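The block underneath contains the structure these notes are about, expressed in structure tokens.
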Amino acid sequence: MSLTSDPPLDRTSGPQAEAASAIDYGALTVVPVRHPWRWAAVVATAVLLAQFLHGLVTNPGWEWDVFAHFFTAETILKAVWITLQLTFYGTVLGFALGIVLAFMRLSASPFLGAVAYAYIWAFRSIPLIVQLLFWFNLAYLYKELQFGIPFGPGFFSFDTMNLVGAMSAAVLGLALHQAAYAAEIVRGGVLAVDSGQLEAAAALGIPRYRQLWRIVLPQAMRSILPNAANEIISLFKGTSIVSVMAIGELFYQVQVVYGRNGRVVPLLMVATVWYILLTTVLSVLQHYVERHYAKGAAR
């Protein structure tokens, strides 16, 4: 209802309505928005990419024949397998320990929380190469290990000289280092789940372990997976650091080969392409696993 004394306007009649009805909207020309700078950036990027690819093909310094010869060589394939083994064991053991540490930090016990925090702080602070060399030289610090009563007599002992070899030290160092990062990834994913989910589950009488396994973790996986996959890929590439212990993984083996024949660039390209291929496979697996856990989630 109008609050003034003026009569209401009739928008269905009058000169304006007649003018609007006389417009033929089908005859109007729609002009798209111009993006000249966007096209300039596309052209410049395409030119640079074409120049780069042309250099890869025509520059003799890349020595693609040497690359093709060593790409599937037996020594390189064995090195790739060792790299995959280090990645697998480091990931499985690291995330298994990381899950335990994450729930220790989330527990109501101040002691468990402090222990988990101290572990994460220490292993994130110490460089990975130092940790690897420490485990590799464990026998220097502890000649033997005893099992018995704490701070009392030991029942039996064994020599540590042959206990931790190069491969064992590498797996142990990678796993313990990875556990510190995995713990924070898992803890962040669990904290991202609404606390009301646990309250509703507790009200229904669902046991605690089923609350975590069937309710919390499936929802937390959507937050955990992207960061976890990123850590696994970083670990895969980071296995090259175990070359300091003369383990025949991919990067070490490439160094050995080009140290003999002097073909540095093509051998480095062998390692690079293998890392790219395997990282691509891991990224594809990440996509499908994320899609599985994203069922029912709004995107």
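The values are calculated or read from the model by the stated rules, or taken from the named source; none is laboratory data. This one's a predicted model, so the numbers in the text were calculated from it and none came from an experiment. Please note: Cβ atoms are built from the backbone with ideal geometry, for glycine as well, and neighbour counts cover all protein chains shown. The accessibility values were calculated without ligands, DNA or RNA, using every heavy atom of the protein model including side chains. Shrake-Rupley method; radii C 1.70, N 1.55, O 1.52, S 1.80 Å.
Put a dot 7 Å past each Cα toward the Cβ at ALA68 and VAL265; how far apart are the dots in nm?
Distance between the two pseudo-spin positions: 1.8 nm.
Of ARG222, ARG34, ARG187, which has the largest mean-square fluctuation in a 10 Å C-alpha GNM of the chain?
With Cα springs under 10 Å in the chain, the top fluctuation among ARG222, ARG34, ARG187 is at ARG34.
With +1 on the Cβ of every Lys and Arg and -1 on the Cβ of every Asp and Glu, and nothing else charged, how large is the dipole of the chain about its Cα centre, in debye rounded to the nearest 20?
Result for the chain is approximately 480 debye, rounded to the nearest 20.
Could you work out which residue, out of GLY98, GLY90, GLY188, moves most in a Gaussian network model of the chain, that is, has the largest mean-square fluctuation with Cα springs under 10 Å?
Sorting by GNM fluctuation, first place goes to GLY188.
Per residue, what accessible area does the chain have, given a 1.4 Å probe and all protein chains present, in Å²?
It amounts to 67 Å² per residue over the chain.
Hey, can you rank 175-185, 68-78 by average C-beta count inside 10 Å, highest first?
Those peptides, ordered most packed to least, come out 175-185, 68-78.
What residue among LEU225, GLY196, VAL270 has its Cα farthest toward the positive end of the dipole of segment 183-292, where the charges are +1 on Lys, Arg and -1 on Asp, Glu, each on the Cβ?
VAL270
Mind telling me which of VAL92, VAL57, VAL273 comes out most flexible in a GNM of the chain, alpha-carbon contacts under 10 Å?
Maximum fluctuation in the GNM of the chain, among the listed residues, is at VAL57.
List, in order, the whole-Hz ³J(HN,Hα) value for each residue of segment 96-112 obtained from phi through the Karplus relation with A = 6.51, B = -1.76, C = 1.60 and θ = phi - 60°; use x for Gly and Pro.
Once rounded to whole Hz, the list reads 4, 5, x, 5, 4, 5, 5, 6, 5, 5, 7, 6, 7, 7, x, 5, 4.
With r as the distance between the Cβ atoms of ASN59 and ALA192 and R0 = 45 Å, compute the FRET efficiency 1/(1 + (r/R0)^6) and round to 0.05.
With R0 = 45 Å, the Cβ-Cβ based efficiency is 0.40.
Classify the chain from the C-alpha gyration tensor, please: rounded if a/c falls under 1.5, else prolate or oblate depending on whether a/b exceeds b/c.
oblate
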